[in-house]
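Below is one structure, written out as structure tokens; comments come after it.
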Amino acid sequence: MNKANFILLATLVILGFHQVCNGANPDTCVSGPWHKPKPTPEGADYVECLSWKSMSCCTANFTKELAANKVKNLYNFHWDHCGNISQACETFIKDEECFYQCEPNLIYYNPADANSTVRDVPICASYCNAWFEACKDDQTCVEDWQKDFAYIAGIYTCPASSMCKTYAEWYKNGKGLCDKMWGRSFKYEESDNCMLMTFNSSKGNPNTKVMPRTSSADFNSVVPALLEIVCILTAALLSECL
């Protein structure tokens, strides 16, 4: 291999390693009535879900509706179906709605057979635990908010046979909440390869660096392997140049 081709190959491998480690910005969004075709920056009329204002998959109209009426008009559904929920709990539920609607990186967790839903999105354990602590004394009437509510006269409501119980009774802890509240959408993730449902956007979107995977072993094996390739190519490149 001549030196020019070798340098080109080494450069491509290093760029690929950088992309794996730092993430690539997606150019399409999960499909849905409040999702845009692709993520774009938003302006002054984007009044909620501010973590994603600089690059969002949700529309400004969605944020205005969420700020004004929560999800009452979006889904014919009330978060406080078992009585008023605490402000702390409501904040986490609103953040989850923003995350689902606005986060560009969810496209990597949108299987072909899932339509507008997502599956097994790794949520940071610390975030799940904080969510549980905020909501543990509030009440809901079902475990799985995706499929367990009754749909009667165009409104999602508690099934006739259900009982309102505290989040602590339904989910036990942060792991139970993230693993069960939205079906298979999210999973409790104890490694650093995890997403947040809200963040300080001035520091960029931390979810961009999260690698989709089925287990922690996948992530832990990919990075060392790529590092080894880069080291081998770098050593060979240095020997060519000397």
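Based on this model, can you work out whether N73 counts as modelled with pLDDT of 95 or more and either hydroxyl-bearing (S, T, Y) or part of a helix (DSSP H, G or I) (or both)?
Answer is no for this residue.
Quick check on my filter: what residues within the range 60-102 are aromatic (F, W, Y) and buried (at least 18 other Cβ atoms within 10 Å of the Cβ)?
F62, W79, F92, F99, Y100
What is the one condition in (1) in a helix (DSSP H, G or I); (2) closer than 21 Å to T208 by Cα that A88 does not satisfy?
(2)
Quick one: would you say N200 is open to solvent by less than 80 Å² (accessible area, probe 1.4 Å), closer than 30 Å to D138 by Cβ, at pLDDT 90 or above and of a type outside the set (F, W, Y)?
no
Inside the range 50-80, can you point out the residues that are of a type in the set (A, V, I, L, M) and either without any contact (Cβ under 8 Å) to a residue 60 or more places away in the chain or in contact with a strand residue (DSSP E or B) (Cβ under 9 Å, 6 or more places away or on another chain) (or both)?
Of everything in the range 50-80, those that are of a type in the set (A, V, I, L, M) and either without any contact (Cβ under 8 Å) to a residue 60 or more places away in the chain or in contact with a strand residue (DSSP E or B) (Cβ under 9 Å, 6 or more places away or on another chain) (or both) turn out to be M55, A60, L66, A67, A68, V71, L74.
The values are calculated or read from the model by the stated rules, or taken from the named source; none is laboratory data. Please read all numbers here as calculations on a predicted model, not as lab measurements. Cβ: placed from backbone, ideal geometry, glycine included. Neighbour counts: every protein chain shown. What goes into the accessible areas is simple: the full protein's heavy atoms, side chains included, and nothing from ligands, DNA or RNA. Shrake-Rupley method; radii C 1.70, N 1.55, O 1.52, S 1.80 Å.
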